[in-house]
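One structure is given here, and the rest of the page talks about it.
The values are calculated or read from the model by the stated rules, or taken from the named source; none is laboratory data. Keep in mind it's a predicted model, so treat the numbers as computed, not measured. Glycine gets a Cβ as well: all are built from the backbone with ideal geometry, and neighbour counts include every protein chain shown.
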């Protein structure tokens, strides 16, 4: 599955994992100045360089430089890859 990866901190990750629950009729979003040109359906997050997991993203949830996702869609990756942090995003597949 094609995805994008961003590096963030633990506070942001925990916020995204709990504040956009579909069951509460809410969602989370992520804004990007440079939006990916390739389609993606997974939004991976890494903390301190380690890939922690991903949210599922639907094509219909992408709008004007941002995309929406449900906190409930989080998939934990217990053996996440250790990478050198960078700014922006990169394409990634696990």
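Here the stretch 1-34 is the region considered, the condition is being assigned to a loop (DSSP other than H, G, I, E, B) and closer than 19 Å to residue 85 by Cα, and the residue that is modelled with the highest pLDDT is 9.
For first residues located in the stretch 2-14 and surrounded by fewer than 13 Cβ atoms within 10 Å (Cβ to Cβ), partners that are outside any helix (DSSP H, G or I) and lie 6+ apart or on another chain with Cβ distances below 6 Å form the pairs 2/40; 10/47. Residues that are farther than 17 Å from residue 17 by Cα, in contact (Cβ under 8 Å) with a residue 12 or more places away in the chain and more than 11 Å from the chain's Cα centre (by Cα) within the stretch 30-47 comprise 32, 33, 34, 35, 36, 38, 39, listed in sequence order. Does any residue of the stretch 54-65 turn out to be at pLDDT 95 or above, on the phi < 0 side of the Ramachandran plot and surrounded by fewer than 16 Cβ atoms within 10 Å (Cβ to Cβ)? No, there is no match, as no residue in the stretch 54-65 is at pLDDT 95 or above, on the phi < 0 side of the Ramachandran plot and surrounded by fewer than 16 Cβ atoms within 10 Å (Cβ to Cβ).
For the stretch 47-71, enumerate the residues that are assigned to a strand (DSSP E or B), within 16 Å of residue 94 (Cβ to Cβ) and touching a helix residue (DSSP H, G or I) at 6+ places or on another chain (Cβ under 9 Å).
Here is the first cut: in the stretch 47-71, the residues assigned to a strand (DSSP E or B) are 47, 50-56, 62-63, 66-69.
Going one step further and asking which of them are within 16 Å of residue 94 (Cβ to Cβ), we end up with 47, 50-56.
Result: 47, 52, 53, 54, 55, 56.
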